[in-house]
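K.L.:
Let me give you the structure first, and then I'll get to my questions.
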Amino acid sequence: MNWTITYFSEAVQFEVLSLPAGLLARYLRYTDRMEVYGPDLGMPHTRAIGNGLFELRLTAAEGIARVLFCTVIGREIVILHSFIKKTDKIAPKELTIARRRMKKVKNDYP
């Protein structure tokens, strides 16, 4: 059974699909693999952040981006947030946004 990828909102989907061309190509390649093999592609592609939050690690000539996601029951991957990285560590603001969205997804899931 394959995995399904959904987005937290249309705004998140637009944000992800607005990534620069090289990063978007990498995102599409990795999500195709995630639909078949699941969310754990292993380093350097994916990494667990903790408490059910994961990051999809994208690198291309345009820079570095992260797409934060979680999984829910029923083999579903929910894309929560994306951003272009500017520093070595993920900014606390970005983690807060993703964790708040993940909490809402987990609470609202049937």
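The values are calculated or read from the model by the stated rules, or taken from the named source; none is laboratory data. These numbers come from a predicted model, not from an experiment. For neighbour counting, all protein chains shown are included, and Cβ atoms are generated from backbone atoms with ideal geometry for every residue, glycine included. Please note that ligands, DNA and RNA were not included when accessible areas were found on the heavy atoms of the full protein model with its side chains. Shrake-Rupley method; radii C 1.70, N 1.55, O 1.52, S 1.80 Å.
K.L.:
Pick out the one residue from Ile84, Ile90, Ile77 that is under 19 Å from Glu35 (Cβ atoms) and of a type in the set (A, V, I, L, M).
P.N.:
Values: Ile84 fails: under 19 Å from Glu35 (Cβ atoms); Ile90 fails: under 19 Å from Glu35 (Cβ atoms).
None of the others qualify; the one that does is Ile77.
K.L.:
Let me ask something else about it. Which one is surrounded by the fewest Cβ atoms within 10 Å (Cβ to Cβ) among residues in region 11-59 that are more than 20 Å from Leu95 (Cα to Cα) and among the aromatic types (Phe, Trp, Tyr)?
P.N.:
Per the criteria, the residue is Tyr37.
K.L.:
If you don't mind, another one. Just to be sure, is Val12 on the phi < 0 side of the Ramachandran plot and modelled with pLDDT under 90?
P.N.:
On the way: on the phi < 0 side of the Ramachandran plot: yes; modelled with pLDDT under 90: yes.
Spelling it out, Val12 is indeed on the phi < 0 side of the Ramachandran plot and modelled with pLDDT under 90.
K.L.:
Any chance you could count how many residues in region 67-110 are in contact with a Lys or Arg (Cβ under 8 Å, 6 or more places away or on another chain) and among the small types (Gly, Ala, Ser)?
P.N.:
1
K.L.:
Taking the condition of being farther than 17 Å from Leu80 by Cβ and among the β-branched types (Val, Ile, Thr), how many residues in region 32-55 meet it?
P.N.:
The qualifying residues number 1.
K.L.:
Select, from Glu55, Glu35, the only residue that is more than 10 Å from the chain's Cα centre (by Cα) and of a type outside the set (Ser, Thr, Tyr).
P.N.:
On the way: Glu55 fails: more than 10 Å from the chain's Cα centre (by Cα).
Step by step, each of Glu55, Glu35 is checked, and only Glu35 is more than 10 Å from the chain's Cα centre (by Cα) and of a type outside the set (Ser, Thr, Tyr).
K.L.:
Can you report the number of residues in region 60-79 which are more than 11 Å from the chain's Cα centre (by Cα), of a type in the set (Val, Ile, Thr) and open to solvent by less than 40 Å² (accessible area, probe 1.4 Å)? Steps first, please.
P.N.:
First pass over region 60-79, keeping only residues more than 11 Å from the chain's Cα centre (by Cα): 60-64, 72-76.
Narrowing the set further to residues that are of a type in the set (Val, Ile, Thr) leaves 64, 72-73.
Right, trim to open to solvent by less than 40 Å² (accessible area, probe 1.4 Å) and you get 72.
Residues that pass the stated criteria total 1.
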